[in-house]
Number of protein chains: 2
Amino acid sequence: MEVSYDPLRATAALENGIFPAGCPSRTVLDHVTSKWGVLVLLALSEREHRWSELRRRADGISEKMLAQTLKTLEQDGLVHRQSQPVIPPRVDYSLTDSGQEVAALLVPLATWAFENAEKILGNRN
Amino acid sequence: MEVSYDPLRATAALENGIFPAGCPSRTVLDHVTSKWGVLVLLALSEREHRWSELRRRADGISEKMLAQTLKTLEQDGLVHRQSQPVIPPRVDYSLTDSGQEVAALLVPLATWAFENAEKILGNRN
DNA sequence: TAAGGTACTGACATGGAAGTTAGTTATGAC
DNA sequence: GTCATAACTAACTTCCATGTCAGTACCTTA
């Protein structure tokens, strides 16, 4: 998968007023940068996960929030849900092509946060 | 400015359990991916802005939220605040080096959101 | 026989994020 | 003399994201 990024179009997009309030890009941005959305996308960027694995990987998430987050991302076409009719139930979640695109952009961001966390929060004292 | 990104360290960071709950990276990530934080960083990635300019650029933001967001980003050492002792007051905000680093990662994300918003929210019907 | 894993859903509660309104400071414009 | 402006702060309120708890269906293991 290749993530294409044309700086000219980027500039055009951000040029005047950035995103007006209520514009769809805001909604999308909110979904993918949401507290739990980021973590789920990051986990899935590595490999497919099943429900219970995600629950452990996104440390601290409640079941309700995991369900909600996955539903949103699935509706957005970023996450693919595949349930197998077995007992006990087994559901696998993976990224769609679009999902892979965002995840690829999210990973460097998370890495940056991880590497700079100390320095940044250190300023605070 | 060059943003260095070493995929090996990235993998190490994300390898086990991603970010544990309550870990500082989560806080940092929350700051830079917050609803208004993203918009402010994007605006400043272009050029220095004064308060009232940011207020217009981050369409829909309240004064309270702008103040709060800027204060957080300033404490994090991502945004530099320079006030001039003139009447009426004039305060300019710009990115620090760290700020430029994150902003550089945020721009492609925002661009992606902008370009894919229609497609993504279109799924929804 | 009862306890536990799996993938959920729904009702209810709450805390923190966000909005609203008003006030401040000092000056220049009318 | 009073209105506007710029960049805020503080108090109060509202609302939504999130948490908590309970329940479901079916099977496996102890």
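Would you list which lysines come within 21 Å of B:LYS71, measuring only between C-alpha atoms, while excluding same-chain residues fewer than 8 positions from it? Within the straight-line cut-off, B:LYS71 pairs with A:LYS35, A:LYS119, B:LYS35. Sequence-ordered 3J(HN,Hα) estimates for region B:96-113 from the Karplus curve with 6.51, -1.76 and 1.60 and θ = phi - 60° stand at 7, 4, 4, x, 5, 4, 5, 4, 4, 7, 6, 4, x, 5, 5, 4, 4, 4 Hz, glycine and proline given as x.
Amide H contacts of A:ARG90 (H built 1.01 Å from N, in plane; Pro and chain starts excluded): A:GLN84 sit under 5 Å, all sequence-distant by 5 or more or on other chains.
Put +1 on the Cβ of every Lys and Arg and -1 on every Asp and Glu Cβ in region B:23-122; which of B:THR72, B:ALA110, B:PRO89 then has its Cα farthest towards the positive end of the dipole? Of the candidates, B:PRO89 comes out farthest on the positive side.
With contacts taken as Cα pairs under 8 Å and at least 6 residues apart, region A:18-122 reaches a relative contact order of 26 percent. Multiplying the residue separation of A:HIS80 and A:ARG56 by 0.36 nm and removing their Cα-Cα distance gives an extension gain of 6.7 nm. Each copy carries a label point for A:VAL91 at 7 Å from Cα along the beta-carbon vector; from one copy to the others these points are 4.6 nm apart, nearest first.
Read the figures in this text as sums done on the coordinates, not as results from a lab. Every value quoted in this text rests on a predicted model; they were computed, and no experiment measured them. For neighbour counting, all protein chains shown are included, and Cβ atoms are generated from backbone atoms with ideal geometry for every residue, glycine included.
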